[in-house]
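One structure is given below, encoded as structure tokens.
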Amino acid sequence: MERAKVETGAALVSLLFSALGLFEAWGYSGEGGMMPRAIMALMVALSAIWCLQSVASLGRHPDRVISITPQQFRGAVLLTVAGLGLVFGMQYLGFYSTAIVILPAVAYGLGYREPKGLVIATALFIALLIVVFRIFLAVPLPAERLLSTFGG
């Protein structure tokens with residue numbers, strides 16, 4: 001498949017989801033909503049630039065084609081499943097519990113096999129999430145279902 005066509009399609013999908021995210025973030029009130037709105041606005045702008053560049057390159061280099069290797073396809077499926085896992089896991093398990101499961105699972109699935117590194121990276125990522133959401137943004141996240149089940 002021609003690379004410019006694939007990129008144009010991906011850019012349009014990215015632009016659509018970025019615009020939907022911006023629409024959602026616009027409803028956030030207070031100072032805690034500034035960062036999501038800024039990030040989503042930047043994503044809309046970057047997606048639009050990517051889309052314009054891809055459309056401009058249509059037909060210029062028809063010899064540039066994309067052939068997907070089995071490893072690339074497996075990685076794309078893994079990331080798609082992980083994204084769905086994040087969406088549903090955060091809704092039913094909680095933000096931090098889901099991140100603790102998904103982050104090392106994705107890293108392992110993409111080929112990183114060092115257990116000590118997986119544990120350290122996951123711990124640092126969770127610590128960063130806690131600092132950003134609880135300290136900097138002071139945004140209360142929904143209660144963790146797993147912790148509330150065990151009395152936490």
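Across all Cα atoms of segment 1-67, the radius of gyration (one decimal) and Dmax (whole number) stand at 15.1, 51 Å.
May I ask you to give the solvent-accessible area per residue for the chain, in square angstrom, as obtained with a 1.4 angstrom probe?
Working: 10870 Å² over 152 residues.
Using a 1.4 Å probe on heavy atoms only, each residue of the chain averages 71 Å².
Measuring between their Cα centroids, segment 1-64 and segment 82-97 lie 24 Å from each other.
Here the 3J(HN,Hα) profile of segment 109-115, calculated from phi with Karplus coefficients 6.51, -1.76 and 1.60 at θ = phi - 60°, is x, 8, x, 7, 10, 8, x Hz, Gly and Pro shown as x.
Here the accessible area is traced with a 1.4 Å probe on the protein chains. For the chain, carbon and sulfur cover 73 percent of it.
A cut-off of 5 Å between modelled amide H atoms, ignoring neighbours fewer than 5 places along the same chain, links GLY94 with ARG145.
Could you order the peptides 61-69, 6-14, 129-137 from most to least packed, using the average number of other C-beta atoms within 10 Å per residue? Please list the in-between numbers first.
Numbers: 61-69: 10.1, 6-14: 16.2, 129-137: 12.6.
Highest-to-lowest ranking by the protection proxy: 6-14, 129-137, 61-69.
Here the 3J(HN,Hα) profile of segment 46-57, calculated from phi with Karplus coefficients 6.51, -1.76 and 1.60 at θ = phi - 60°, is 5, 5, 5, 4, 4, 5, 4, 5, 5, 5, 5, 8 Hz, Gly and Pro shown as x. Placing +1 on each Lys and Arg Cβ and -1 on each Asp and Glu Cβ, with no other charges, gives the chain a dipole about its Cα centre of roughly 240 debye.
The values are calculated or read from the model by the stated rules, or taken from the named source; none is laboratory data. As the structure is a prediction and not an experimental result, all values here were calculated from the model. Heads up, the Cβs are rebuilt from the backbone with ideal geometry, glycines too, and the neighbour counts pull from every protein chain shown. Calculation scope for accessible area: heavy atoms of the full protein, side chains included, ligands and nucleic acids excluded. Shrake-Rupley method; radii C 1.70, N 1.55, O 1.52, S 1.80 Å.
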